[in-house]
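In what follows, a single structure is set out as structure tokens and then discussed.
The values are calculated or read from the model by the stated rules, or taken from the named source; none is laboratory data. Please read these numbers as outputs of a predicted model, since none were measured by experiment. In this analysis, Cβ positions are derived from the backbone assuming ideal geometry, glycine residues included, and neighbour counts consider all displayed protein chains. What goes into the accessible areas is simple: the full protein's heavy atoms, side chains included, and nothing from ligands, DNA or RNA. Shrake-Rupley method; radii C 1.70, N 1.55, O 1.52, S 1.80 Å.
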Amino acid sequence: MAALLAIVFISCAQKVIAPSNHLPRLEEMAFIHASGQSFIQGSNDTLAKSDEKPAFKVTFTYDFWMDTIEVTQELYQKVTGKTISDSTSNYCSICPVYSVTWYDALLFCNKRSKLRGLDTVYSFSNIDSNQSGRVYSLENLRINYNRLGYRLPTESEWEYCAKVGASPEFSADSLSDSVAIKYAWYNANSGGKAHPVAQLLPNRWRIYDLAGNILEWTNDAKGRYPNVPVNDPLGAFALEDLKRVV
């Protein structure tokens with residue numbers, strides 16, 4: 001089920017590269033046991049979009065943490081000092097932040113890492129922004145996956161959480177509206193607008209709103225799926241390409 005609103009928000013993933021007892025307390029995040037686990041990413045279904053094919057096997061060699069809720073406007077403002085919404089009348093502290101660029105999302109993750117005393121995953125030489133303050137480019141951008149800090153999830157990490165972590169009744173092949181409406185915001189219950197986070201039921205890993213509400217940035221650029229099994233995929237390599245997976 002796709003979100004009705006063609007807008008984006010941020011979620012952060014954090015790769016575990018140290019024993020969990022060395023990590024800060026992350027009460028707002030869910031620990032995702034993925035190391036040694038596999039799943040089928042994408043779909044070969046006739047209804048699947050062209051950029052969701054071909055389905056391929058993904059295997060992870062690491063665990064990671066994932067935000068249990070969408071990053072709220074309140075948290076975004078607290079971390080970055082910026083209030084971003086379509087207008088001040090649309091500000092809702094517990095609604096997901098939206099209308100942020102992919103680069104805004106990266107800077108948010110870096111600043112959140114600094115506040116927690118963690119490494120910054122994204123390195124760059126200069127920030128380019130427009131008059132409204134939205135960032136449209138980070139020059140010489142690099143994503144340092146070996147660093148322990150906040151970042152956007154890869155498409156594979158996001159889909160693993162959404163697909164494998166789905167509650168049994170929500171992931172059933174014969175999903176009914178009476179079930180979907182308990183987990184997802186969509187045309188039957190959304191009213192065409194964003195809603196406060198965590199109002200519906202979470203998946204079995206305590207993650208809310210993976211279906212509907214607001215579309216979500218990932219780290220990956222759009223690219224054709226491989227037709228072979230892949231370990232720890234990072235998606236297409238195109239750091240300056242704004243055709244990102246959401």
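Values for this structure:
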quantity	calculated
Per residue accessible area of the range 58-176, 1.4 Å probe, in Å²	44 Å²
Pairwise label distance in nanometres, ASP51 with LEU115, each label 7 Å out on the Cα-Cβ vector	3.0 nm
Square roots of five times the Cα gyration tensor eigenvalues for the range 162-238, Å	27, 16, 12
Loop sites in the range 90-123: trypsin sites (Lys or Arg not before Pro), DSSP, at most 16 other Cβ within 10 Å	ARG116
Per-selection Kirkwood Rh - the range 41-119 (Cα, Å, 1 d.p.)	15.5 Å
Spacing of the two label points (7 Å from each Cα toward its C-beta) at SER123 and LYS193, in nm	4.5 nm
